[in-house]
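Trainee: Got a structure for you, written out below as structure tokens; questions coming shortly.
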Amino acid sequence: MNATTMDDAAAAVTARRNKLVINLILTSSFVVILNETMMSNATPPLMLSFGVDATAAQWVTTAFLLTMAVGIPMTGFLLQRLSTRVVFMLAMALFSIGTAAALIAPTLALLVVARVIQALGTSVMMPLLMTTVMQLSPPETRGKTMGYVSTVISVAPAIGPVLSGGILDYLENWRWLFALVLPIALFALWLGWRRIENVTTPREAHLDFASVILSAFAFGGIVYGISLFGVPPAPGTPSPLIPLVIGAIAMVVFVWRQLVLQRTDSALLDLRVFRSRTFTTSLSVFALLMLTLFGTIILLPIYLQNVLGLSPMQTGLLLLPGGLLMGRLGPFVGRRYDKVGPRPLVIPGVIIVTTVLWAMTLLGTDTRWQYILAGHMIMCVGFALLFTPLFTVCMSSVPAQLYSYGSAVLGSLNQVGGAAGVALFIAIMSAQSAKLAAGGAVPLEALAGGIRAAFLIGAVSALLAVASTFLVRKPDAHAPPPTH
């Protein structure tokens, strides 16, 4: 066997290994990220099971989201310090332990603790997925692989409520939400232990505990404060301004400390990723889109159930085709990205999303559900055209040694943008509905008017994204931006 043949054989073995690693992390990520929204329909059963009010039961979801917001910024350090196999095993072990604990939790407090453990594992998976894909995928086919990543990140949260609604309708016990997931998580943990090989080389990295504390107050405070704007004030609930101000101050100090520490390559979250103008531009578009996506996810079910009178199961089935279509288009859009770059995809995509949002400002009390189905599917096509190119452009715009930090920034923005979208849409809907009701409108008309107002704000924010997409360009794979 000559040297060329041996090299080809070694390359084939490496390619098979890389494909196995990526597919396993993709599948596991889908399962764990799905749980981010799986409990959204479980508030009434939890209230009945534990004898608590809605505010207390909502902490099962709120604690998960807050833990994600706090945990993701730390993944940059973990992915630098630990190998791929160790990080995967850590994430799936935490997720499995949290799922098992949630399954048998005798009290609401212990269920919340279990969800926090689940979220710690989940917070690691998305940055691990994006970083691994960037390290193992060749630049010429990176878009195709990132298409699967966009499917995981955008579709899993969207179909979580649909699946949970079906499980709660047919199995009639919230514990099944964890009982069905636990065997899958344990199987992924076992398969990772058997099959995943180390594909990265860890390096010495210093953990700055002050940065950890600051990031917890910064990201946690901002996400919690934003989320409070989206719910009616309850007795004992602090003003949203208090955690927001604390979070904002902590964020300023956190950023200053990272700028100082990155001079010695010891930052918890290296902010040199923002030196790439392409990364920053694409990230800005992504932030506006996440705000719109999560706002739409929370508002459409309210409209379908409370205005049109559909059941939760009917609502889930109506919104499911759009989520599945977005997932199916991800790899196709990725292949097109590899051939034509981002602009021919993101510009039509953002125009489609904006057009549908403007159409949703016309929703009334007698709008036919078929129009909602068609509009939602068309909007999901627009999101599919956007997410894969933006993910790929963002990550391809930073040097390889900063991939882990770029993915951590993207993940953190996903949480902040999602919380902002939910809070903004709900707050506008509530305020406008109250105004219309005070003016004499019947409750159904008042609610429909509030929903139209929220979609109007979403349409205006999407217009800002339209202008920004013209600045998105494909990075030169052979000329990564400087880090110094």
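The values are calculated or read from the model by the stated rules, or taken from the named source; none is laboratory data. What you see is a predicted model; the values in this text were computed from it and never measured. Counting neighbours? That spans all protein chains shown, and the Cβs are built from the backbone with ideal geometry, glycine included.
Trainee: For the structure I just gave you, tell me whether Leu66 is free of Cβ contacts under 8 Å to residues at least 40 places away in the same chain, in contact with a Gly (Cβ under 8 Å, 6 or more places away or on another chain) and assigned to a helix (DSSP H, G or I). Full working, then the answer.
Mentor: On the way: free of Cβ contacts under 8 Å to residues at least 40 places away in the same chain: no; in contact with a Gly (Cβ under 8 Å, 6 or more places away or on another chain): yes; assigned to a helix (DSSP H, G or I): yes.
Against the criterion (free of Cβ contacts under 8 Å to residues at least 40 places away in the same chain, in contact with a Gly (Cβ under 8 Å, 6 or more places away or on another chain) and assigned to a helix (DSSP H, G or I)), Leu66 does not qualify.
Trainee: Further question on the same structure: What's the number of the only condition in (1) touching a residue at least 40 places away in the same chain (Cβ under 8 Å); (2) assigned to a helix (DSSP H, G or I) that Ala374 fails to meet?
Mentor: For Ala374, the exception is condition (1).
Trainee: Being closer than 22 Å to Ile351 by Cβ and modelled with pLDDT of 85 or more is the filter; apply it to the range 428-461 and report the residue that is surrounded by the fewest Cβ atoms within 10 Å (Cβ to Cβ). Reasoning before the result, please.
Mentor: Step one: of the range 428-461, the residues closer than 22 Å to Ile351 by Cβ are 452, 454-461.
Subset that is modelled with pLDDT of 85 or more: 452, 454-460.
Values: Arg452: 18, Ala454: 28, Phe455: 27, Leu456: 16, Ile457: 20, Gly458: 28, Ala459: 19, Val460: 13.
Ranking the candidates gives Val460 first.
Trainee: Right, here's the next one. For the range 353-365, name all the residues that are surrounded by fewer than 19 Cβ atoms within 10 Å (Cβ to Cβ) and at pLDDT 90 or above.
Mentor: Keep residues of the range 353-365 that are surrounded by fewer than 19 Cβ atoms within 10 Å (Cβ to Cβ), which gives 355, 358-359, 361-362, 364-365.
Thr355, Trp358, Ala359, Thr361, Leu362, listed by residue number.
Trainee: Search the range 432-446 for residues that are assigned to a helix (DSSP H, G or I) and pair each with any residue that is of a type in the set (Ser, Thr, Tyr) when their beta-carbon atoms are under 6 Å apart and the residues are at least 6 apart or on different chains.
Mentor: Listed by first residue and then by second, the contacts come to Leu444/Thr365; Ala446/Ser433.
Trainee: Looking at Val466, Val398, Val460, Val472 in this structure, which one is assigned to a helix (DSSP H, G or I), assigned by TED's automatic domain parsing to the domain that holds Gly330 and in contact with a helix residue (DSSP H, G or I) (Cβ under 6 Å, 6 or more places away or on another chain)?
Mentor: Values: Val398 fails: assigned to a helix (DSSP H, G or I); Val460 fails: in contact with a helix residue (DSSP H, G or I) (Cβ under 6 Å, 6 or more places away or on another chain); Val472 fails: assigned to a helix (DSSP H, G or I).
Going through Val466, Val398, Val460, Val472 in turn, the sole match is Val466.
Trainee: Moving on to the next point. Consider the range 87-103. How many of its residues are without any contact (Cβ under 8 Å) to a residue 60 or more places away in the chain and either surrounded by fewer than 20 Cβ atoms within 10 Å (Cβ to Cβ) or touching a strand residue (DSSP E or B) at 6+ places or on another chain (Cβ under 6 Å) (or both)?
Mentor: Of the residues in the range 87-103, 3 are without any contact (Cβ under 8 Å) to a residue 60 or more places away in the chain and either surrounded by fewer than 20 Cβ atoms within 10 Å (Cβ to Cβ) or touching a strand residue (DSSP E or B) at 6+ places or on another chain (Cβ under 6 Å) (or both).
Trainee: Looking only at the range 330-348, count every residue that is in a helix (DSSP H, G or I) and in contact (Cβ under 8 Å) with a residue 60 or more places away in the chain and tell me the total.
Mentor: Pass one, the range 330-348, residues in a helix (DSSP H, G or I): 330-340, 343-348.
Cutting the leftovers down to in contact (Cβ under 8 Å) with a residue 60 or more places away in the chain gives us 330-338, 343, 346-347.
Summing the residues that are in a helix (DSSP H, G or I) and in contact (Cβ under 8 Å) with a residue 60 or more places away in the chain in the range 330-348 gives 12.
Trainee: Could you look through the range 309-329, keep only residues that are part of a helix (DSSP H, G or I) and polar (S, T, N, Q), and pick out the one that is modelled with the lowest pLDDT?
Mentor: Taking the range 309-329 as the starting set, the residues that turn out to be part of a helix (DSSP H, G or I) are 312-329.
Next, from what is left, pick out any that are polar (S, T, N, Q): 314-315.
Values: Gln314: 82, Thr315: 79.
Of everything passing the filter in the range 309-329, Thr315 is modelled with the lowest pLDDT.
Trainee: If we scan the range 282-294, do we find a residue that is crowded, with 21+ Cβ neighbours inside 10 Å, closer than 18 Å to Phe217 by Cα and touching a helix residue (DSSP H, G or I) at 6+ places or on another chain (Cβ under 9 Å)?
Mentor: No: the range 282-294 contains no residue that is crowded, with 21+ Cβ neighbours inside 10 Å, closer than 18 Å to Phe217 by Cα and touching a helix residue (DSSP H, G or I) at 6+ places or on another chain (Cβ under 9 Å).
Trainee: Right, another one. I need a count of the residues in the range 386-427 that are β-branched (Val, Ile, Thr) and modelled with pLDDT of 85 or more. Before the answer, list the steps.
Mentor: Keep residues of the range 386-427 that are β-branched (Val, Ile, Thr), which gives 388, 392-393, 398, 409, 416, 422, 426.
Right, trim to modelled with pLDDT of 85 or more and you get 388, 392-393, 398, 409.
Within the range 386-427, residues that are β-branched (Val, Ile, Thr) and modelled with pLDDT of 85 or more number 5.
Trainee: Can you run down the residue pairs with Cβ atoms below 7 Å, 6 or more apart or on separate chains, where the first is in the range 302-323 and touching a residue at least 60 places away in the same chain (Cβ under 8 Å) and the partner is crowded, with 18+ Cβ neighbours inside 10 Å and part of a loop (DSSP other than H, G, I, E, B)?
Mentor: Tyr303/Leu363; Leu304/Leu310
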